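Undergrad: Sharing a structure with you now.
The values are calculated or read from the model by the stated rules, or taken from the named source; none is laboratory data. Keep in mind the model is a prediction, meaning the values are calculated, not measured. Cβ placement follows ideal geometry from the backbone for every residue including glycine, while neighbour counts extend to all protein chains displayed.
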Amino acid sequence: MPKLILILLSLHLFTPTSAQTTETLRREIEAIVSAKQAVVGVAIRGMHAADTLSVRGDRHFPMQSVFKFPIVLCMLAQIDAGKFALEQEVVVQKSALLPGFWSPLRDKYPEGATLPLSELLRYALSQSDNAACDVLLKMLGGPQVVEAYFKGLGFEEISIKINEETMQGNWDGQFLNWTTPLEANRILRTFYEHNNRLLSERSYAFVWELMKATSTGKNRLKGQLPLGTVVAHKTGWSGQNQTTGITAAVNDIGIVFLPDGRYFFISVFVTESKENLTTNEKIIADITQAAWDYFVSKK
């Protein structure tokens, strides 16, 4: 065999390309979801554009509580514009603490309370508090204000039409609040990497502190990562429809930080699932672990 051909063959065999490696990760993800009775959407992006892939990345998925992340971002933008202040006191009436809501705020202050706006933001984002979320939406002027803010920034694949009270009271209503895995990743990346155009330094530090402190979804993005891994994320969950046995949403979106300081963005949405919560969460954890292994192996 001519020497030139041998050299070219060696280069082909021993110089893996990013596309080949990404395709291997895609196959791993497809293997994870193939036997599951669920529709799964995934978007992954590293610090370089070559490390990008999606599976059903442009499909509309119900956000459920993932929508609290854009709500908080919108509120912080209005704080930066001088319309509100992190330190301002907000009166939370007892009537806002609806029974049946997931609300650590209500559990702590069953008769209502007066709290700084920063604390309401913390409840809404880090603890996914539904009552705090709806108080924020009322202050902002309603869900349409949040959607308009993101549309104004060029995010077209996001719909925020109703609040938590309406969403919790109507199974079909949750599908009015949707996004795509690719758009969720783009929002994460835009606000993390291009903050200087969007939020003040103080608001930027505040929101990522809240995301890193998220206490929900411990078995999702973080579920199988090494102990102590920093993940800034936001979860969402619909519960199971008691009539059909279908779960409409088990979601987690966020930024995973690697030991060497690198990071990657990942958004995983599970819908139309006939699996139980443990299996749905493991789907997300397995996909995240596969992404972790991929990025750790890239030096």
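Undergrad: Hey, among 34, 10, 18, which residue is modelled with pLDDT of 95 or more, of a type in the set (Gly, Ala, Ser) and surrounded by fewer than 21 Cβ atoms within 10 Å (Cβ to Cβ)?
TA: Values: 10 fails: modelled with pLDDT of 95 or more; 18 fails: modelled with pLDDT of 95 or more.
Going through 34, 10, 18 in turn, just one is modelled with pLDDT of 95 or more, of a type in the set (Gly, Ala, Ser) and surrounded by fewer than 21 Cβ atoms within 10 Å (Cβ to Cβ): 34.
Undergrad: If I ask for residues that are part of a loop (DSSP other than H, G, I, E, B) and either without any contact (Cβ under 8 Å) to a residue 60 or more places away in the chain or touching a Leu at 6+ places or on another chain (Cβ under 7 Å) (or both), which ones from segment 41-68 would you list? Walk me through it before giving the result.
TA: Going through segment 41-68, the residues part of a loop (DSSP other than H, G, I, E, B) turn out to be 46-51, 56-60, 63.
Correct list: 48, 49, 50, 57, 58.
Undergrad: Whether any residue in segment 282-291 is at pLDDT 95 or above, of a type in the set (Gly, Ala, Ser), more than 22 Å from residue 49 (Cα to Cα) and within 13 Å of the chain's Cα centre (by Cα) is what I want to check.
TA: Taking segment 282-291 as the starting set, the residues that turn out to be at pLDDT 95 or above are 282-291.
Retained after the next criterion (residues that are of a type in the set (Gly, Ala, Ser)): 285, 290-291.
Then drop every residue that is not more than 22 Å from residue 49 (Cα to Cα), which leaves 285.
If we keep only those that are within 13 Å of the chain's Cα centre (by Cα) too, we end up with none.
No, the conditions are met nowhere in segment 282-291.
Undergrad: Just checking: which of the helices (runs of 4 or more DSSP H) contained wholly in segment 145-232 hold 2 or more residues that are aliphatic (A, V, I, L, M)? If you could, list the steps in order and put the result at the bottom.
TA: Numbers: elements: 164-168, 181-193, 201-212.
The qualifying helices (runs of 4 or more DSSP H) are 181-193, 201-212.
Undergrad: Please pick out the residue among 151, 161 that is surrounded by fewer than 16 Cβ atoms within 10 Å (Cβ to Cβ) and either under 15 Å from residue 92 (Cβ atoms) or at pLDDT 95 or above (or both). Before the answer, list the steps.
TA: Working: 161 fails: surrounded by fewer than 16 Cβ atoms within 10 Å (Cβ to Cβ).
One residue alone meets the criteria, 151.
Undergrad: With touching a strand residue (DSSP E or B) at 6+ places or on another chain (Cβ under 7 Å) and acidic (Asp, Glu) as the only criterion, which of 164, 201, 183 stands out?
TA: Exactly one residue qualifies, and that residue is 183.
Undergrad: Here is a follow-up. Of all residues in segment 42-51, count the ones that are under 15 Å from residue 187 (Cβ atoms) and either of a type in the set (Val, Ile, Thr) or within 12 Å of the chain's Cα centre (by Cα) (or both).
TA: Filtering segment 42-51 down to residues under 15 Å from residue 187 (Cβ atoms) leaves 43-45.
Right, trim to either of a type in the set (Val, Ile, Thr) or within 12 Å of the chain's Cα centre (by Cα) (or both) and you get 43-44.
Matching residues across segment 42-51 total 2.
Undergrad: Which pairs do you get when a residue that is within 20 Å of residue 233 (Cβ to Cβ), found in segment 270-299, comes within reach of a residue that is among the β-branched types (Val, Ile, Thr) and surrounded by fewer than 19 Cβ atoms within 10 Å (Cβ to Cβ), reach meaning Cβ atoms under 6 angstrom, with the pair 6+ apart or on two chains?
TA: Here the result reads 271/39, each pair linking segment 270-299 to a residue that is among the β-branched types (Val, Ile, Thr) and surrounded by fewer than 19 Cβ atoms within 10 Å (Cβ to Cβ).
Undergrad: Okay, next question. For segment 86-98, which residues satisfy the criterion of being touching a residue at least 24 places away in the same chain (Cβ under 8 Å), of a type outside the set (Val, Ile, Thr) and not in a loop (DSSP other than H, G, I, E, B)? Walk me through how you get there before you give the answer.
TA: Start the filter on segment 86-98 by keeping residues that are touching a residue at least 24 places away in the same chain (Cβ under 8 Å), which leaves 86-90, 92, 96-98.
After this cut, where a residue has to be of a type outside the set (Val, Ile, Thr) as well, the list is 86-89, 96-98.
Of everything in segment 86-98, those that are touching a residue at least 24 places away in the same chain (Cβ under 8 Å), of a type outside the set (Val, Ile, Thr) and not in a loop (DSSP other than H, G, I, E, B) turn out to be 89, 96.
Rundown of residues vs (1) within 15 Å of residue 267 (Cβ to Cβ); (2) under 17 Å from the mean Cα position of the chain (by Cα), yes/no style:
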site	(1), (2)
29	yes, no
36	no, no
53	yes, yes
60	yes, yes
65	yes, yes
74	no, yes
77	no, no
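Undergrad: How many residues are crowded, with 16+ Cβ neighbours inside 10 Å and assigned to a loop (DSSP other than H, G, I, E, B) when one looks only at segment 70-85?
TA: Total meeting the criteria: 1.
Undergrad: Take the residues in segment 241-281 that are more than 19 Å from residue 60 (Cα to Cα) and assigned to a helix (DSSP H, G or I), then tell me which one is nearest to the chain's Cα centre (by Cα).
TA: Let us first name the residues in segment 241-281 that are more than 19 Å from residue 60 (Cα to Cα), namely 241-245, 255-264, 275-279, 281.
Narrowing further to those that are assigned to a helix (DSSP H, G or I): 277-279, 281.
Numbers: 277: 18, 278: 19, 279: 19, 281: 14 Å.
Selected residue: 281.
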